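The values are calculated or read from the model by the stated rules, or taken from the named source; none is laboratory data. Since this is a predicted model, take the numbers as computed values, not measurements. FYI the Cβ positions are ideal-geometry reconstructions off the backbone, even for glycines, and counts take in every protein chain you see.
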Amino acid sequence: MSRYSAAEIEAKWQSAWDEAGIFRAERSRDKPKYYVLEMFPYPSGRIHMGHVRNYTMGDVIARYRLATGHSVLHPMGWDAFGMPAENAAMASGGHPKDWTYGNIADMRGQMKPLGLSIDWSREFATCDPEYYGQQQALFLDFLEKGLVYRKNAVVNWDPVDMTVLANEQVIDGKGWRSGAEVEKRELTQWFFKISDFSEELLEALDGLENWPAKVRLMQENWIGKSRGIEIPFERTDAGAPLVCYSTRPDTMRGASFIAISPEHPVSRELAQDNPELEAFIAETRKMDTTEAAMEKAEKKGIDTGITVRHPVWPERELPVWVGNFVLMDYGTGAVFGCPAHDQRDLDFARKYGLEVRNAFYLPGQEKDVETEALVPAKTETVIYIDHFAGIGEATSQEGIDATIDWFEAKGLGTGQVKYRLRDWGLSRQRYWGCPIPVVHCDTCGVVPEKKENLPVELPYDEGGTPIDFSIPGNPLDRHPTWRDCKCPSCGADARRETDTMDTFVDSSWYFARFTAPDAQTPTRMEDAEYWMNVDQYIGGIEHAILHLLYSRFFARAMHICGHLPEKAIEPFDALFTQGMVTHEIYRTKDDKGRPVYHLPEDVTDGKLADGTPVQIIPSAKMSKSKKNVVDPVNIIDAFGADTARWFVLSDSPPERDVEWTAAGAEAANKFLGRVWRKAHELAERRDAGVVDLDRSLQEIMDAYELGVNQYDDELMRALHKTIDEVTKGVESFGFNAAIARIYGFFNQLSKTQASASTQWRSMRVLAQLMSPMTPHLAEEVWSMLGGEGLVVDTPWPVADEAMLADDSVTLPIQVNGKRRAEISVPKDMDKAEVEKRALAHEAVARSLDGAQPKKVIVVPGRIVNVVV
RNA sequence: GCCCGCGUGGUGGAAUGGUAGACACAGGAGACUUAAAAUCUCCAGGCCGAAAGGCCGUGCCGGUUCGAGUCCGGCCGCGGGUACCA
């Protein structure tokens, strides 16, 4: 071989690793364990650059930990249930199971060439009955412990297709296939009691020191703890008081109306003999169920005609409205409207001619609210207007606290801590998911299936013919025989639950299953005890809230049921959230002005082959419909896996989005070629007898003494700095910085006049440093240069502290914050002497132009700033 | 709407509050070559200047600081999440 050939090298070293069984995770007594996990993929059929990026990062960590003497668990599996499989079956007539397993085989085939250090013996898919059967066992345990319950909840209903729609399937309030106006429908569904853990999940966030602060903050806000008060408002008619919840009771004086949810019992009751109200409630039922849609929708209301008395000033009667913006799920489903201090209430009041009355002013700005509500932060000071608790100037927080205390003392209200977090509805009216293992019996009601009857398996066909997915609705519902079963309790004829579980359930415990994928129970305690927790979890920021919060809940619930040790209730010790891989979009318009997308290979210099100019939209998330997906398989075929790996790690910091460019991949390949050639050249010189091979590398490194030769000294110092920086880079996800340092060092190595022996040593260390990122090339270089065994098995190099320190430093000198000169001084020179030398500098003197410095700031080893 | 991020040369990006633009791409000049490819060397934020050097510059406006890309406040733009996409 006379030039770098990734194809030859990569196949060779992958078989070498396989033969050595290096990536099989084994419990070890004398090594520390390390569990590194990347969020497992949905088997869409093709891997994309985002996968390559995600798994390469995990692989760098896993290989680094192997080199630092850890027993490493690095598994892979498939998040295999979900809607795309059913959609594919609807579109092209296949079966979700065949589609999914076919995709898994394809994707595994695309991932294997990447040379990831994965223990493939632990692989599973969540649609394997062995996996979801254990999930059903978990469900039954949760049921027994009261962690699951049933209640009514609202779903999107497509009245034409007669099917439940996911939020994603509702477009502008219409069903995505039928185009029919979507309605809301109430169904009895299963819920996990995650809300019981609100406080715990919130408090434990503080302990997650190795999670990004932004993720913890997002979870904190999602859980949404607030202190407020429930206040009953007496009705002027005979009805029971309306209880409102407020987190800003200090604005009570400004209360001018009550708004209740359309779902509120009072709304429903009044609607019975008020057709106008009934129509209004029906109208609000057509809205999307998403929070975003509700918040953005026009705020509308209708006056119920009933009134309540203000609890502090009973002579004031407030009208009660039904408002489409009031959520039944949060608080009490009733709020008091205070237009002066809430923009939404103000808009509502202006629209319907309701009173606007200030409860406080800002100091020095004693004017009434007109078009913009006055909403102070809780720490901001305001001046209350005839506040009943007798406070005047105070912060909002003090106002809130005083109000709650006053109401409680008078027996007019109750202070309450509430959370925004709602229970997790897990029922899905779909086929391709884990069946909920319960049975409905006419005499016994809802009965859990017996554990020995698990798994409750999905039927593949219906009466001998494969299930037809072109018929809308849930195939489990209409299946001729699957529903029929015996009641586990009384033995009478009964019906299976036909709802399946949310796919978030599948991904809420897979990390625990990886510790013992063959166990006959959900986990095996001794394995969970050994491998948990996940030391480093890596995945997309889009999972910052739901997946990660659900997993934290699941780990707690599994601990309660005896499936995880207590230390695992926070299952992910460290979390890293990576950015997306993006690509330009190329767009033209057809004659009706509709967008038409083009593949990157069809566009040259911003034009199509026929010369039509193309609009280029930068940095969009890769998606099939926009035709901007770059298939990593093409890159691997053209340049090899190491090039793809090197590229996805090199240019962009891993937490940020990365733009895919073809040129970037070529550049990566070019560099790897240079490294290969350098090793090849040194090997040739070794063969010619120039290089001494007698001693091991670490011995030579340890024995190296400075001063033999200045070029050797320079190179060795640079090498140790490189070891230090690459090590730090790998440990802190600074892969791009580590790679820049490797470039820098290699450029220096290419130009050095150091001895062949020193170059040879440096090159071997460089192979070690590159091995987590480009493992195949590293093995090749290692072996060319006579390294013993496999580099993947070789201990990580350690930088010598003594080689890191420089004797002198270059200090920039600023005059009034602008750089004017620099001086080179011994590292430990004292401040006064540095100051003297700085002021003596000719450029500084010129800059001062005779002026006397007022102050000179010397930051040792950093900078000098002369202030005039 | 709400919550959380991000914004730096032609491009990707670097920079514990301390020399803004490391490293790389694209570009320019040169070497090698009959030529091209490949490879190698050098140049390169903008403006002014022959040069020395000067001025400007990290989305916009303001603040803190001897010193701000970095910290604080207010905007603008883009992205993620928003509970049934995974």
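The number of residues in region A:463-509 that are in contact with a Leu (Cβ under 9 Å, 6 or more places away or on another chain), assigned to a strand (DSSP E or B) and either within 16 Å of RNA strand B (Cβ to nearest atom) or at pLDDT below 95 (or both) comes to 2.
If you go through region A:854-868 and keep only what is more than 7 Å from RNA strand B (Cβ to nearest atom) and closer than 21 Å to A:Val825 by Cα, you end up with A:Val856, A:Val858, A:Pro860, A:Gly861, A:Val864, A:Val866.
Would you mind finding the one in A:Ser762, A:Ser755, A:Ser771, A:Ser750 that is modelled with pLDDT under 95 and either over 44 Å from the mean Cα position of the chain (by Cα) or under 30 Å from A:Arg24 (Cβ atoms) (or both)?
Numbers: A:Ser762 fails: either over 44 Å from the mean Cα position of the chain (by Cα) or under 30 Å from A:Arg24 (Cβ atoms) (or both); A:Ser771 fails: modelled with pLDDT under 95; A:Ser750 fails: either over 44 Å from the mean Cα position of the chain (by Cα) or under 30 Å from A:Arg24 (Cβ atoms) (or both).
Among A:Ser762, A:Ser755, A:Ser771, A:Ser750, only A:Ser755 is modelled with pLDDT under 95 and either over 44 Å from the mean Cα position of the chain (by Cα) or under 30 Å from A:Arg24 (Cβ atoms) (or both).
At least 1 residues being of a type in the set (Lys, Arg) and either within 16 Å of RNA strand B (Cβ to nearest atom) or more than 20 Å from A:Ala137 (Cβ to Cβ) (or both) is the threshold, and among the strands (runs of 3 or more DSSP E) wholly inside region A:398-460 those reaching it are A:414-418.
Let's see how each residue does on (1) free of Cβ contacts under 8 Å to residues at least 24 places away in the same chain; (2) over 19 Å from the mean Cα position of the chain (by Cα):
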site	(1), (2)
A:Glu497	no, yes
A:Val505	no, no
A:Glu526	yes, yes
A:Tyr530	no, yes
A:Val534	no, no
A:Ile541	no, no
A:Leu546	no, no
A:Met558	no, yes
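Scanning region A:516-551 for residues that are among the hydroxyl-bearing types (Ser, Thr, Tyr) and either under 15 Å from A:Phe40 (Cα atoms) or not in a loop (DSSP other than H, G, I, E, B) (or both) yields A:Tyr530, A:Tyr537, A:Tyr550, A:Ser551. One residue is enough: does region A:233-241 have a residue meeting the conditions farther than 28 Å from A:Thr289 by Cα and free of Cβ contacts under 8 Å to residues at least 24 places away in the same chain? The answer is yes; a qualifying residue exists. Among the residues of region A:154-171, those that are closer than 23 Å to A:Met328 by Cα and either more than 9 Å from RNA strand B (Cβ to nearest atom) or buried (at least 18 other Cβ atoms within 10 Å of the Cβ) (or both) comprise A:Val155, A:Asn156, A:Trp157, A:Asp158, A:Val164, A:Leu165, A:Val170.
Scanning region A:520-555 for residues that are away from RNA strand B (no atom under 16 Å from the Cβ) and either closer than 18 Å to A:Gly207 by Cα or hydrophobic (A, V, I, L, M, F, W, C) (or both) yields A:Met525, A:Ala528, A:Trp531, A:Met532, A:Asn533, A:Val534, A:Asp535, A:Gln536, A:Ala555. Restricting to region A:188-217, name every residue that is within 11 Å of RNA strand B (Cβ to nearest atom), under 22 Å from the mean Cα position of the chain (by Cα) and surrounded by 14 or more Cβ atoms within 10 Å (Cβ to Cβ). Within region A:188-217, A:Phe192, A:Ile194, A:Ser195, A:Ser198, A:Pro212, A:Val215, A:Arg216 qualify. Screening A:Gln14 against (1) outside any loop (DSSP other than H, G, I, E, B); (2) more than 17 Å from A:Arg108 (Cβ to Cβ) leaves a single unmet condition, (2).
Give the residue that is nearest to RNA strand B (Cβ to nearest atom), with candidates limited to residues of region A:274-317 that are under 30 Å from A:Gly179 (Cβ atoms) and among the hydroxyl-bearing types (Ser, Thr, Tyr). Out of the qualifying residues, it is A:Thr290.
Within region A:366-395, the set of residues being more than 20 Å from A:Asp345 (Cβ to Cβ) and among the hydroxyl-bearing types (Ser, Thr, Tyr) comprises A:Thr379, A:Thr381, A:Thr395.
Of the residues A:Arg177, A:Arg185, the single one that is modelled with pLDDT under 95, surrounded by fewer than 17 Cβ atoms within 10 Å (Cβ to Cβ), among the basic types (Lys, Arg) and more than 21 Å from A:His440 (Cβ to Cβ) is A:Arg177. Kindly indicate whether any position in region A:98-114 is more than 28 Å from the chain's Cα centre (by Cα), among the hydrophobic types (A, V, I, L, M, F, W, C) and over 30 Å from A:Arg422 (Cα atoms). For region A:98-114, residues more than 28 Å from the chain's Cα centre (by Cα), among the hydrophobic types (A, V, I, L, M, F, W, C) and over 30 Å from A:Arg422 (Cα atoms): absent.
Taking residues in region A:415-433 that are closer than 16 Å to A:Leu202 by Cβ, and partners anywhere that are in a loop (DSSP other than H, G, I, E, B) and of a type outside the set (Phe, Trp, Tyr), the pairs with Cβ atoms closer than 7 Å and at least 6 places apart or on different chains are A:Val417/A:Lys225; A:Lys418/A:Gly331; A:Tyr419/A:Gly224; A:Tyr419/A:Lys225; A:Arg420/A:Gly224; A:Leu421/A:Gly224; A:Arg422/A:Asp329; A:Asp423/A:Lys193. Among the residues of region A:816-825, those that are near RNA strand B (Cβ under 9 Å from one of its atoms) and either closer than 10 Å to A:Ala843 by Cβ or free of Cβ contacts under 8 Å to residues at least 40 places away in the same chain (or both) comprise A:Lys818, A:Arg819, A:Arg820, A:Ala821, A:Glu822.
If you go through region A:741-786 and pick out every residue that is small (Gly, Ala, Ser), in contact (Cβ under 8 Å) with a residue 40 or more places away in the chain and in a helix (DSSP H, G or I), you end up with 5.
Yes or no, residue by residue, for (1) of a type in the set (Gly, Ala, Ser); (2) over 26 Å from A:Arg309 (Cβ atoms); (3) in contact with a Cys (Cβ under 6 Å, 6 or more places away or on another chain); (4) free of Cβ contacts under 8 Å to residues at least 12 places away in the same chain:
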{"site": "A:Val369", "(1), (2), (3), (4)": "no, no, no, no"}
{"site": "A:Glu380", "(1), (2), (3), (4)": "no, yes, no, no"}
{"site": "A:Ile383", "(1), (2), (3), (4)": "no, yes, no, no"}
{"site": "A:Thr395", "(1), (2), (3), (4)": "no, yes, no, no"}
{"site": "A:Thr403", "(1), (2), (3), (4)": "no, no, no, no"}
{"site": "A:Pro459", "(1), (2), (3), (4)": "no, yes, no, no"}
{"site": "A:Gly463", "(1), (2), (3), (4)": "yes, yes, no, no"}
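Of the helices (runs of 4 or more DSSP H) lying entirely inside region A:620-703, those containing at least 3 residues that are within 35 Å of the chain's Cα centre (by Cα) and at pLDDT 90 or above are A:641-650, A:662-687.
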